[in-house]
Amino acid sequence: MQIIIYDKSYLNKIPELFVNSIYNSCKKDYTLKQLEAWAGLNIDYKFWENKLKKTKPFLAILDGKLVGFAEFYNDYIDCFYVDYTFQKKGIGKALLTHIIYIAKQNNIKKIKVDASITSKPFFEKFGFKKVKRNLVKKANEELINYSLELIL
């Protein structure tokens, strides 16, 4: 597996992975209405194209297939997702290890993330500590997530 910086050839695969990961991985922690509010019902590829141009996420590639991605800027992890069919196979660990390495190289002392109920245990396994519980409104739905941080 390789971790690479954003490559436009994966543009359409990234939002598809995002949506599929949310609907398949988070269904035990959130209602269908909450998942729809979070992931949306239709993919706006233009939105994603503009977003990814700016954020330039790290991509996890296995045998030419996108299996995960993570956005990291300043000291904040945004959009951290692994293909639901590849979870618990070290993809998330590889992405997070890469982010921690980049943070240390840039003298970042703390990494922050707003983690879903589903992903919170993953981040805690790597030493992230809960700062607070959040109630986020999206499309008239309220979703719980957690602000976590890792002191490096």
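Nothing in this text is a laboratory measurement; each read-out follows from the coordinates by a stated rule. None of the values given here were measured: they were computed from a predicted structure. Here the Cβ is made from the backbone with ideal geometry for all residues, glycine too, and neighbour counts use every protein chain on show.
A few notes on this one:
- Among the residues making up segment 127-137, those that are exposed (fewer than 15 other Cβ atoms within 10 Å of the Cβ) and not basic (K, R) are G127, V131, N134, L135, V136.
- Residue match in segment 13-22 (condition: of a type outside the set (S, T, Y) and free of Cβ contacts under 8 Å to residues at least 24 places away in the same chain): no
- For segment 70-110, a residue qualifies if it is assigned to a strand (DSSP E or B), among the aliphatic types (A, V, I, L, M) and closer than 13 Å to S25 by Cβ, and exactly one does: V82.
- Looking only at segment 37-69, and only at residues there that are in a strand (DSSP E or B) and not small (G, A, S), the one that is farthest from N12 (Cα to Cα): L62
- Condition met for F18 (under 13 Å from the mean Cα position of the chain (by Cα), surrounded by 14 or more Cβ atoms within 10 Å (Cβ to Cβ) and outside any helix (DSSP H, G or I)): no
- Only one entry of D83, D78 meets the criterion of being free of Cβ contacts under 8 Å to residues at least 60 places away in the same chain and surrounded by 13 or more Cβ atoms within 10 Å (Cβ to Cβ), and that entry is D78.
- Residue in segment 107-116 that is surrounded by 13 or more Cβ atoms within 10 Å (Cβ to Cβ) and among the polar types (S, T, N, Q) present: yes
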